[in-house]
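The values are calculated or read from the model by the stated rules, or taken from the named source; none is laboratory data. Fair warning: this is a prediction, and the values are worked out from it, not measured in the lab. Reconstructed Cβ throughout: ideal geometry from the backbone, glycine too, with neighbour counts over all protein chains shown. SASA here: full protein model, heavy atoms, side chains in, ligands and nucleic acids out. Shrake-Rupley method; radii C 1.70, N 1.55, O 1.52, S 1.80 Å.
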Amino acid sequence: MKFGGTSIGTAPSMKRAMDIVAEKQKKNPPVVVLSACSGITNKLIRIAEASGESRLDEAMELSGEVRDHHRSLVDALIQDETRRSSVLEKVESYIGELEMLIKGVDIVGELTARSYDTFCSFGELLSTTIFSEAMQDAGHEAVWQDIREVMITDDNFSTARPLEELCESNVKTAIKSQLEAGKTVVTQGFIGSTKDGKTTTFGRGGSDFTAALLGAWLPSDEIQIWTDVDGVMTCDPRIVPDAKSIRVMTFTEAAELSYLGAKVLHPDTIAPAVKKNIPVYVLNSLHPEAKGTVITNDPAILEGMSYGGLVKSIAAKKGQCIINFRSNRMLGRHGFMADLFDVFARTGVSVEMISTSEVSVSLTVGESASLEELLIELKRKGDVEIEPSVATISVVGDNLRTAKGVAGRIFSAMKDVNIRMISQGASEINVGFVVEEKDVPKALQNLHREFFSGSETSRIFERPAGKG
Ligand code: ADP
Ligand code: ASP
Ligand code: MG
């Protein structure tokens, strides 16, 4: 059971999450994977940056805010006085380590990838410490596990990946034995450790991935991702308030959707679940009674839950940049594309969407990628033009494989939006195009109206709980 930051960010929400876990524990003790409290990872990143730029006062002030937030959670959630003061000491000890790191980085005057990950890890260490102690305080059998003893990763700081075989055997010794003894195991998402004990992270939003990995290694019967919306929805509800909950979707649809920008799941979450064929439930900690979404390939579940619909969901990915490349030398020449992509490989820039003609190629790349070297090399081969601040919009659904007329419906819904690039066909289950970032809300709202306002959709999608 993984709880995201908003599901444990305040005392009442942490209490709600504890109740959900306690209910589950009555039948079977779960593994609980927690993110940092909402806003804390962002704050830790600001602390890391301030320390690296010798803004010591600012870093220390922010660290004081992190301390206050967690102290107030302890005060609200732990009744027993002895326990409360021992947990406050633990909080103090983490903040002490954080402040030592701040001062160390300030003195050296440089923030390395290694120390960046250590800064980020305090959020999860603090949230899990308080949660497991609060569970015990309320009379539940819970143990805290430092996931860094289990989740051994490579040393790609901030984008680390687990050494699977080693981790799988660690899970059996460290976690399975506790579950078998009837205890709920509370542990951190997002973080891990290299073989020689350096703290690493999976990248933003990585707690979903941790939960999926642990679920697959145990293996468990199901993986639950508890968040602040009713499961995976037909669109981001922050942009399209009419978005509906998707009852059931396939692994491929969910994976595609997360790669294409739907923030509700970390893009790597689905792979471990597919490998062991474990259903993933996306549930709302604010409305635990709502059905949420089940992600599975099991035909019995898919059919039983009215799997269907033409389009399943629409995603947007902002922060992209189009590179338009043009060279007459491309015409009729073999090997040109290989040369071109070699430039991307050598400069380490990953391409997201692509569209070509005889003499030109348009591609999108993430805006944060360091493009300088890439552009110098590309300019040696042809004319290059850059369009920053664009977003990819993707319409996703398994049934797009066989449907006719979808592209027509998509582009007529986009009549009043300036489309900068189109790519169709690479994945049979999505149609994608690029718009300026400022047009994202209009594009999503138009498409949502086109595909989700018909009466047929009420059989497949649900109005979220709390919306009547
Ligand atoms: P958590 O802290 O639980 O990991 P996130 O903020 O990472 O939560 O993800 C949940 C958010 O993802 C939602 O609040 C919603 O705004 C956003 N989101 C984007 N696309 C979708 C979608 N298709 N379905 C549901 N939520 C989405
Ligand atoms: N706390 C981390 C983040 O904010 C990981 C997560 O929430 O999944 O990115
Ligand atoms: Mg998340």
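Given contacts defined as C-alpha pairs under 8 Å and at least six residues apart, what's the relative contact order of the chain, whole-number percent? Before the final figure, lay out each step's value.
Numbers: 910 pairs, mean separation 62.4, N = 468.
The normalised contact order for the chain reaches 13 percent.
Calculate how large, on average over all directions, the projected area of the Cα convex hull of the range 229-328 is; give the answer in nm² to one decimal. Could you put the intermediate results ahead of the total?
Working: hull surface 36.3 nm².
The Cα convex hull of the range 229-328, projected and averaged over all directions, gives 9.1 nm².
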(request) In whole Hz, with x marking every Gly and Pro, tabulate ³J(HN,Hα) for the range 427-441 from phi via Karplus 6.51 cos²θ - 1.76 cosθ + 1.60, θ = phi - 60°. (result) 9, 5, 9, 9, 10, x, 8, 10, 10, 5, 4, 5, 8, 4, x
(request) Would you work out which of 277, 78, 42 lies farthest towards the positive end of the dipole of the chain, given +1 charges on the beta-carbon of Lys and Arg and -1 on that of Asp and Glu, about the Cα centre? (result) 277
(request) Can you run the Rg to Rh ratio on the chain? Use alpha carbon positions and the Kirkwood inverse-distance Rh. (result) 0.99
(request) Could you list the trypsin sites (Lys or Arg not before Pro) in the range 347-435 that lie in coil according to DSSP, counting only those with at most 14 other Cβ atoms within 10 Å of their Cβ? (result) 404, 415
(request) Return one whole number: the accessible area per residue of the range 1-123 in Å², for a 1.4 Å probe. (result) 45 Å²
(request) Please report how far the C-alpha centroid of the range 260-296 lies from that of the range 226-255, rounded to the nearest whole angstrom. (result) 10 Å
(message) How far apart, in nanometres, would the label points at residue 156 and residue 303 be if each is projected 7 angstrom from Cα along the Cα-to-Cβ direction?
(response) 4.1 nm
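By the gyration tensor of its Cα atoms, with a ≥ b ≥ c the square roots of the eigenvalues, what is the shape of the range 268-319: rounded for a/c under 1.5, prolate for a/b over b/c, or oblate? Before the final figure, lay out the partial values.
Details: a/c = 1.22, a/b = 1.13, b/c = 1.08.
Judged from the Cα gyration tensor, the range 268-319 comes out rounded (a/c under 1.5).
Taking the Cα centre of the chain as the origin, how large is its charge dipole in debye, to the nearest 20, when only Lys and Arg (+1) and Asp and Glu (-1) carry charge on their Cβ atoms? Before the final figure, lay out the partial values.
Numbers: 52 positive and 65 negative charges, 271 e Å.
Around 1300 debye, computed over the chain.
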(request) Determine, from the Cβ-Cβ distance of residue 354 and residue 381 and an R0 of 22 Å, the FRET efficiency 1/(1 + (r/R0)^6), rounded to the nearest 0.05. (result) 0.85
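Given a 1.4 angstrom probe, I'd like the percentage of the accessible area of the range 42-104 that is carbon and sulfur, rounded to a whole number.
Numbers: 1460 of 3230 Å².
C and S fraction of accessible area: 45 percent.
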(request) Round to the nearest 0.05 the FRET efficiency obtained for residue 174 and residue 19 when R0 = 22 Å and r is the Cβ-Cβ distance. (result) 0.25
(request) Could you provide, to the nearest whole Å², the per residue accessible area of the range 398-445 with probe 1.4 Å? (result) 51 Å²
(request) Please determine, in degrees from 0 to 90 and to the nearest 10, the orientation of helix 336-347 with respect to the longest principal axis defined by the Cα atoms of the chain, where the helix direction is its Cα long axis. (result) 20 degrees
